[in-house]
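Student: Here you go, one structure.
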Amino acid sequence: MTFSLTAGPADLGALATPLLVVALPSGASLDAALASLDGTLNGAMSRSLDRRDFRGGRDETLHLVGGTAGPSRILLIGLGKATDRSAALRRAGAVAARQAGRMGTGSLAFYAGALSANETEALGVGLATGAWDYLDTKTPPPEDERRAPLTGAQILGADADGIASGSAIAEGHGLARTLSMMPGNLCTPDFLADTARDIAKRHGLAITVLGRTEMEALGMGSLLCVAQGTPEDPKLIALEYCGGVKDAAPVVLVGKGLCFDSGGISIKPAQGMEWMKFDMCGAAGVLGAMEAIARLGLEVNVVGLVGSTTNMPSGTAFKPGDVVKSMSGKFIEIINTDAEGRLVLADVLSYANRYKPAAVVDAATLTGACVIALGHTATGVMGNDPALVQELLGAGTRAGEPGWELPMWDEYKDLIKSDVADIKNSGGRPAGTITAALFLAEFAEEYPWVHLDVAGTAYTESDLGTVPRGPTGVPVGTFVEFVRGRAG
Ligand code: BES
Ligand code: MN
Ligand code: ZN
């Protein structure tokens, strides 16, 4: 779906729009522009505030019918006791846009007073978040029951730069969410590769796609053992964006792209297995971030790497007890075929060496243990470089995608020692998120590296108010903020 953001004037009473959204913090009164709009509504807004029908609390909404001229409808939306105005506007934008989608207004205008570039961008991203929907595999309802999708928003009092950057980031988010939401039979490794080719073509990026044969030649026994049980050709996708100084060391973004994770021979329970189509959210995050970074024209060299396959049980599938040789030369004992993400990432992290990266950040729906530890609120953050960890935590905060660091202490390494190989792919349930990261660290030895475990944050199984059940867009914002933080 296309969604466009534009800037507009702040003359509210005369504004011809199907819906005017007015954002107010807790306990706020009407500014001059709102007071004049209130006049055209015979004081309906001020009366609502006086009666405390609407108090400006977070996510609070009140719907008013417009006058004969000006906006046809008015939606008051609360910002709460906002300390971070950008974050509050991002959230309010999403809630309001979803409400507009339910009403079928088609477009809206949003008023929150004068906005900085940052605030405009955050609000724009929020509005696009709320307008996003996945309709490709649903038959539309009969004509008379259809509601117009929200295809445009005008931000009043906006900053022009914020409109441009907000639109760019929103595109990245939307792409990531659409890829994530797509069923596993449609979003295959091949489809991810085609999507990357499309990004490359539209923005002039270099692209390399390796299949099974090319990966065999590179000795990627770790990635390939996961792909052993599926007829689907696995893909390693490399997108190269050169916005920085020629030959400057790039930052590399890596994504886990399991288009479906059945667990393989160590098969998962049937209950909820359909959610494992979301096991490619890290990969979707990389592709979405590359789309946004290219649109923003950030002055940094960035490589996006995706390791993609599906984890299936079959007569040819890998099995517990097998030992495989990774591209790094390290031997890995397979304890559990459901710990497949780290096997895919291991070889992609070795492949990253060829770029002599300034930093590598991977994102993966890697462990159920991360959902237990941090819930759906924070991304698990671990790495081999304390400064880079802090950089990613900061980027996540700015993007409204908070992360939390978990310790990578040597003591935990004992859990993944193998009797027959250099390392084993599962340390069992204790500290499952940490042992997964320690496993990855063995293959990320040549550069500063951070791992984002987005198992709990990349998609949601309950409606969050801002997003419905399904993909959230995490970690696109974190990636973009991180790269932007490195731009000149
Ligand atoms: N893709 C899963 C992790 C996951 C679980 C993501 C739930 C989102 C929600 C991963 O491949 C996996 O199966 N991990 C195992 C590791 C275990 C076998 C050591 C897990 O978390 O149970
Ligand atoms: Mn798994
Ligand atoms: Zn998985």
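The values are calculated or read from the model by the stated rules, or taken from the named source; none is laboratory data. Owing to the predicted nature of the structure, the values given are computational and were not obtained by experimental measurement. For neighbour counting, all protein chains shown are included, and Cβ atoms are generated from backbone atoms with ideal geometry for every residue, glycine included. Please note that ligands, DNA and RNA were not included when accessible areas were found on the heavy atoms of the full protein model with its side chains. Shrake-Rupley method; radii C 1.70, N 1.55, O 1.52, S 1.80 Å.
Student: Determine the percent antiparallel among the DSSP beta bridges restricted to the chain, to the nearest 5.
Tutor: In the chain, approximately 40 percent of DSSP beta bridges are antiparallel ones.
Student: Which distance in Å, rounded to a whole number, links the C-alpha centroids of the stretch 308-326 and the stretch 260-301?
Tutor: Spelled out, the Cα-based centre of one part sits 20 Å from the other.
Student: Something else now. Search the structure for amide H atoms under 5 Å from the amide H of Ser418, placed 1.01 Å from N in the peptide plane, and list their residues when 5 or more places away or on another chain.
Tutor: Ile423, Lys424
Student: To check you understand DSSP bridge types, tell me what percent of the beta bridges within the stretch 2-156 (both residues inside) are antiparallel, rounded to 5.
Tutor: That works out to approximately 20 percent antiparallel.
Student: Here's a follow-up. Can you give me the solvent accessible area of Ile169 with a 1.4 Å probe, rounded to the nearest 10 Å²?
Tutor: 10
Student: Can you tell me how the stretch 169-486 classifies by the Cα gyration tensor, rounded, prolate or oblate, using a/c under 1.5 as the rounded cut?
Tutor: rounded
Student: Output ³J(HN,Hα) for the stretch 274-280: one whole-Hz value per residue in order, computed from phi by the Karplus curve 6.51 cos²θ - 1.76 cosθ + 1.60 with θ = phi - 60°, and x for Gly and Pro.
Tutor: 4, 5, 6, 5, 7, 6, 10
Student: Here is a further query. By the scheme Lys and Arg +1, Asp and Glu -1, what is the net charge of all other residues having a beta-carbon under 12 Å from that of Ala317?
Tutor: -2
Student: I need the shape label for the stretch 167-295. Rule: rounded when a/c is under 1.5, else prolate if a/b > b/c, else oblate, with a, b, c from the alpha carbon gyration tensor.
Tutor: The shape class here is oblate.
Student: Compute the separation of the alpha-carbon centres of the stretch 124-173 and the stretch 1-71 and state it in Å as a whole number.
Tutor: 20
Student: Collect residues whose amide H, placed 1.01 Å from N in the peptide plane, falls under 5 Å from the amide H of Leu452; neighbours closer than 5 in sequence don't count.
Tutor: It is Asp362, Ala363, Ala364, by chain and number.
Student: Whole Å is fine, so just give me how far the alpha carbon centre of the stretch 426-454 lies from that of the stretch 191-216.
Tutor: 26
Student: Right, another one. Classify the stretch 132-187 as rounded, prolate or oblate from the Cα gyration tensor: take a ≥ b ≥ c as the square roots of its eigenvalues, call it rounded if a/c is under 1.5, otherwise prolate when a/b beats b/c and oblate if not.
Tutor: oblate
Student: Collect residues whose amide H, placed 1.01 Å from N in the peptide plane, falls under 5 Å from the amide H of Gly403; neighbours closer than 5 in sequence don't count.
Tutor: The list, which skips near neighbours in sequence, is Thr379, Thr397.
Student: In sequence order, what are the phi-derived ³J(HN,Hα) couplings for the stretch 149-163 according to the Karplus relation 6.51 cos²θ - 1.76 cosθ + 1.60 with θ = phi - 60°, rounded to whole Hz, with x for glycine and proline?
Tutor: Running phi through 6.51 cos²θ - 1.76 cosθ + 1.60 with θ = phi - 60° gives x, 7, 10, x, 9, 9, 9, 7, x, 7, 9, 4, 4, x, 5 Hz.
Student: Also, I was wondering about something else. With θ set to phi - 60°, apply the Karplus curve 6.51 cos²θ - 1.76 cosθ + 1.60 along the stretch 452-469 and write out the HN-Hα couplings as whole Hz, x wherever there is a Gly or Pro.
Tutor: Result, ordered by residue: 10, 8, 9, 4, x, 10, 7, 8, 10, 8, 9, 5, 9, x, 7, 10, x, 3 Hz.
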